[in-house]
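Please treat every number below as a calculation from the coordinates, not as lab data. Computed from a predicted structure; not experimentally measured. We place every Cβ from the backbone using ideal geometry, glycine too, and count neighbours over all the protein chains shown.
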Amino acid sequence: MNTTIEKIGMGTKPDPFNYTIESWGENEHGTLIEVKYHGCKTFDGIKILLVKGLGINTIKKRKTLDPHFFEDHPIMARFAPTKEGRKLAKICLNNLCNIT
């Protein structure tokens, strides 16, 4: 019998129900958001997400916001919450129109 055990570190998995949007920027092709996932310890819970096609008002109405990648999920990219990560995220948002 083969048994797979998934190991998840305590406090490392963001709770998609327990978050606050700290800041955002958007254009007609997507929205860049900086999200604080409360209780998540990696990067102090901060995730920078590029969301395809949804404006900030639509995102704020969502009951959940999972930072992971799923089929038919609006998250296109995730960036490290560092100075370099924020710069790269802005470059990607500004050039999103070239790929959509």
Most mobile of Ile75, Ile46, Ile59 in a GNM of the chain (Cα contacts under 10 Å): Ile59
If I build a Gaussian network model for the chain, linking alpha-carbon pairs within less than 10 angstrom, which residue out of Thr82, Thr58, Thr31 has the largest mean-square fluctuation? Thr58
Calculated P(r) tail over 15 Å for the chain, as whole % of Cα pairs: 63 percent
Which order do the peptides 83-91, 66-74 come out in when sorted by mean C-beta neighbours inside 10 angstrom, highest first? 83-91, 66-74
If I fit a long axis through the Cα atoms of helix 83-95 and take the longest principal axis of the Cα atoms of the chain, what angle between them do I get, 0 to 90°, rounded to 10? 50 degrees
